[in-house]
Amino acid sequence: MSAAMDTESTYSGYSHYSGHSKKAHRQGRDRHKSPRSKDGSRSEKSVTIQAPPAEPLLGNDASRAEEGQDDNWGETTTAITGTSEHSISQEDIARISKDLEDSVGLDCKRYLGLTVAAVLGLLVFLTPIAFILLPQILWRDDLEPCGTVCEGLFISVAFKLLILLIGTWALFFRQPKADIPRVFVFRALLLVLIFLFVFSYWLFYGVRILDSKDTNYQGIVQYAVSLVDALLFIHYLAIVLLELRQLQPMFTVKVVRSTDGESRYYSLGHLSIQRAALVVLENYYRDFTVYNPALLTASKSRAAKHMAGLKVYNVDGPGNNASGQSRAMIAAAARRRDSSHNELYYEEADHERRVKKRRARLVVAVEEAFTHIKRLQTEEQQKAPGEMMDPREAAQAIFPSMARALQKYLRTTRQQQYHSMESILQHLSFCITNNMTPKAFLERYLNPGPTLQYDRDRWFSKQWTLVSEEAVTSGLQDGIVFVLKCLDFSLVVNVKKIPFIKLSEEFIDPKSHKFVLRLQSETSV
């Protein structure tokens, strides 16, 4: 009962945060909006990720008010709770309608390609069976007896079709990971090749067998077997072009995030620009730390504060021109620039001190909470099975003891928008279920992780646009640069070819590893 009361009091204490967080979250989202590129000459590739919204633990208002707060702000702050209302602007409505139109177009294109591939695949598998059954249906009495040879060919055709079916399912019928702006050239060429191949077989079959009603049934069956063999060889060709060709590394790409300059290097094989962009995005979500625009606002606010401190006075009267004012502003800005590095140094030192102090408080609070849950587990073992707590209840019982320290640390490090109260409780119950240590619980919050670690509604990169001077279906070449843009930042990709390495061999005679020790007569002992 006491644990439930603590949890209820904690949730009521957070009500004043939820009233401000929604408004601040909308302001932060509107502030980072940028117009989308509508250049028709650019190739676009969009990946839309939608997820139900979740409420952050703290809003951005707390991060902006961080500079003026001390460590005891909670005891001297009055919380005013109220009802928050959701609103939406005309720009949001236009953006939502544009996203819906784009998603409908991409879905139509995806299902159209899948339908064409499915119809062609069904035609391929039914063609050998039709070649064998049509003579039996149309002129069965006129066919020459085939006997054991045809029965062996039937078994061969059946097993080859089964192998071809399994290979086609494994290679082609896979769930797509993304929608690319242009068609995959090699896949399209293979589909055209298969269509022409089956069409030519049907044309020959109709002219030479159906019209003349050939009575040599063994030759007809061997004709069907040759079709299945050719289809197997086309499948081998598809494996080489779609899977094996890109395995050997030929290029090194450098990916740089435009906002904070974080970069990674990757090795790629022979790929088109759009497929290389897919590989870069897959690695981005795994390797790059999550994009946090709150970390970039410090430099902007510092520059705005310096410019706000400049005041120009017109002592010569209104008749003087603006050139004197400009020179005065430039001179004042130069003097401030000379001392700005000291301000930056002390600001960063103070921020690091504050982070270390609140991190130490968080570590101590979490360790005490986990010690308490261990005591609870020891006590629960002595109770009846019906009175034991599940991991969710245990997490709600110990969360109030660490919530204050966790809130202050997330606000100081500007991570509050990525962690909601529900996600923290789920992670805490997960750690309790798997008997994890306090250090394992804190790993998610002490070090910013990759994008995949967080919920999809926390991702700032939900839709990507591929911008390239070259055609996106062309292959990678040395010196090519393309850009992957999203709403708030972009990834600049620079392609470099791996140099040709000339490795030579030098033979060393084993007899050359012999040495002679020469001692001088006057050497001291």
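The values are calculated or read from the model by the stated rules, or taken from the named source; none is laboratory data. Keep in mind the model is a prediction, meaning the values are calculated, not measured. Here Cβ is always computed from backbone atoms with ideal geometry, including for glycine, and neighbour counts include all displayed protein chains. Please note that ligands, DNA and RNA were not included when accessible areas were found on the heavy atoms of the full protein model with its side chains. Shrake-Rupley method; radii C 1.70, N 1.55, O 1.52, S 1.80 Å.
Restricted to segment 217-244, and to residues there that are of a type outside the set (Val, Ile, Thr) and under 16 Å from Val185 (Cβ atoms), the residue that is surrounded by the fewest Cβ atoms within 10 Å (Cβ to Cβ) is Glu243. Within segment 145-176, the set of residues being on the phi < 0 side of the Ramachandran plot, surrounded by fewer than 11 Cβ atoms within 10 Å (Cβ to Cβ) and part of a loop (DSSP other than H, G, I, E, B) comprises Pro145, Arg174, Gln175, Pro176. Kindly check whether there is at least one residue in segment 199-214 that is under 30 Å from Leu466 (Cα atoms) and out of contact with any strand residue (DSSP E or B) (no Cβ under 7 Å at 6 or more places or on another chain). Checked segment 199-214: no residue is under 30 Å from Leu466 (Cα atoms) and out of contact with any strand residue (DSSP E or B) (no Cβ under 7 Å at 6 or more places or on another chain).
Among the candidates Asp179, Asp141, the residue that is farther than 27 Å from Tyr236 by Cα and part of a loop (DSSP other than H, G, I, E, B) is uniquely Asp141. Of all the residues in segment 395-419, those that are open to solvent by less than 10 Å² (accessible area, probe 1.4 Å) and without any contact (Cβ under 8 Å) to a residue 40 or more places away in the chain number 2.
Within segment 195-212, the presence of a residue that is loosely packed, with under 11 Cβ neighbours inside 10 Å, under 30 Å from Ala276 (Cβ atoms), touching a residue at least 40 places away in the same chain (Cβ under 8 Å) and in the same structural domain as Leu126 (by the TED database) is excluded. Among the residues of segment 420-443, those identified as free of Cβ contacts under 8 Å to residues at least 24 places away in the same chain and of a type in the set (D, E, K, R) are Lys439, Glu443.
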